[in-house]
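Notes follow once the structure below has been shown.
Derivation of every value follows stated rules applied to the coordinates shown; laboratory data play no part. Since the model is a prediction, treat every value here as computed from it, not as a measurement. Cβ placement follows ideal geometry from the backbone for every residue including glycine, while neighbour counts extend to all protein chains displayed.
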Amino acid sequence: MAGRPSQPKIVVYGPARSPFIEKVALALTLKRLDYEGVEPRSAEDFRRWSPETGHLPVMDVDGARIADSSAILDWLDEHYPEPPLSARDPWTARSQRMLELWTGETFYYYWVRWLRAEVEAGRMPRGSSGKGGDLARLGVLGHVGEILSSRDLRSRSLGPEFARRLDDLVGFLGDRPYYYADRVGRADLTVVAFLGSLESGMIPGGPAQLEARPALRGLMSRVAADLGR
């Protein structure tokens, strides 16, 4: 593509199964940018790679580091504007960003609430919630597959409130192919990244929840086609 900057060396630090890391991976794929993923092996890796907050993902671009998945998407749009992750129309772009943030906060809130309830009920060891309850730092979202496979938790669910939030996602989409626009954007990538945690069983009861909402399945299929997957 004419005027496109040359490809730098890009490394994304974070647990591959975390939806926040997947969100960044989807954006890089849409931008047709090659990258290397590096997963943490211990809590110390979180602190070493992200000393200010201990949260991942962090993206390294030729030695310069960008923290936070939303900030990473901002950086990608600034330096590699095509295809854009946000709509040109300011109102539409604002709506996309608001849904991006809502999705991450909503999924994380209900997941953490469920996990803490499991710990308090004695169905999961307290060590699973991490030192000081810092679930984000210890990357519990990235290791939930191991937690679920080691305990009989797949039959549980995150509760009826979480199911209603999935219905909200269906309502926000309406009859459009993508959220608020006619092409894939950052809101769609974020939603699909988190829906992937349902599809894979990372979220208890997730596959059944997803199958009950074909509109969300359709979104996942369209985004996968756009990314050439």
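The figures follow:
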| read-out | value |
| --- | --- |
| When the stretch 188-229 is reduced to its Cα atoms, the Kirkwood hydrodynamic radius in Å | 10.2 Å |
| Reference-scaled alpha-carbon Rg (2.2 N^0.38 Å with N residues) for the stretch 10-79 | 1.00 |
| Label-to-label distance, nm, for residues given as ARG32 and TRP75 (7 Å Cα→Cβ offset) | 2.3 nm |
| Mean Cα-pair separation over length for the stretch 10-79, i.e. relative contact order, pairs under 8 Å, 6 or more apart, % | 36 percent |
